[in-house]
Ligand SMILES: [Zn+2]
Ligand SMILES: [Zn+2]
């Protein structure tokens, strides 16, 4: 259940993939098939897939890839700052979308929902305080709670 349900067109994905190549070059990260396909699986999705879901998608194009390789590839992309890890600790989910947005993380089911800012609305950063510590490269704001779906499931259980 995605309240902000949008899907990416193949043209949008192609643009993101061009961006991916540029980012790899800037970071001297070798562009391998594995990295390309793992990134493509993430950028094509609005659902913040976990490693296993990425594995299922990537397998279709790289049938010999192992889950272990997917984990290692995710780690190298995360280290290079191309993707971010979201979600709860025992259920890591990944996001390749770097345009500013927030997340609602359900602490019960681990689902991660995107919250986009209204167009043109600046991210409220107490910049003077933050800049004392360094230069801001990204904002990672997370709301944690119980999603509507889990709340409804809990209600149903009580009513029975
Ligand atoms: Zn939930
Ligand atoms: Zn996201």
Subject >> Failed item in (1) in contact with a helix residue (DSSP H, G or I) (Cβ under 7 Å, 6 or more places away or on another chain); (2) over 30 Å from residue 121 (Cβ atoms), with residue 66 passing the rest >> reply: (1)
**OP:** Exactly one condition in (1) outside any loop (DSSP other than H, G, I, E, B); (2) buried (at least 16 other Cβ atoms within 10 Å of the Cβ); (3) away from ligand 1 (no atom under 16 Å from the Cβ) is not met by residue 75; state its number.
**Re:** (2)
Original post:
Given the structure, is residue 47 within 15 Å of ligand 1 (Cβ to nearest atom), under 28 Å from residue 25 (Cα atoms) and either surrounded by fewer than 16 Cβ atoms within 10 Å (Cβ to Cβ) or in contact (Cβ under 8 Å) with a residue 24 or more places away in the chain (or both)?
Top reply: yes
**OP:** Select from region 79-91 the residues that are closer than 13 Å to residue 50 by Cβ and more than 16 Å from ligand 1 (Cβ to nearest atom) and write down the one among them that is surrounded by the most Cβ atoms within 10 Å (Cβ to Cβ).
**Re:** 83
Original post:
Only one of 55, 116, 39 is within 16 Å of ligand 2 (Cβ to nearest atom) and more than 21 Å from residue 148 (Cβ to Cβ); which?
Top reply: 39
Original post:
Name the pairs whose Cβ atoms lie under 6 Å apart, with the first residue in region 94-112 and free of Cβ contacts under 8 Å to residues at least 60 places away in the same chain, the second within 9 Å of ligand 2 (Cβ to nearest atom) and assigned to a loop (DSSP other than H, G, I, E, B), and 6 or more positions between them or separate chains?
Top reply: 95/48
**OP:** Please indicate, with yes or no, whether at least one residue in region 131-141 is under 14 Å from the mean Cα position of the chain (by Cα), under 24 Å from residue 47 (Cα atoms) and within 16 Å of ligand 1 (Cβ to nearest atom).
**Re:** no
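No lab work stands behind these numbers, since they all come straight from the coordinates. Please read these numbers as outputs of a predicted model, since none were measured by experiment. Cβ coordinates were reconstructed from backbone atoms using ideal geometry, including for glycine residues, and neighbour counts include every protein chain displayed.
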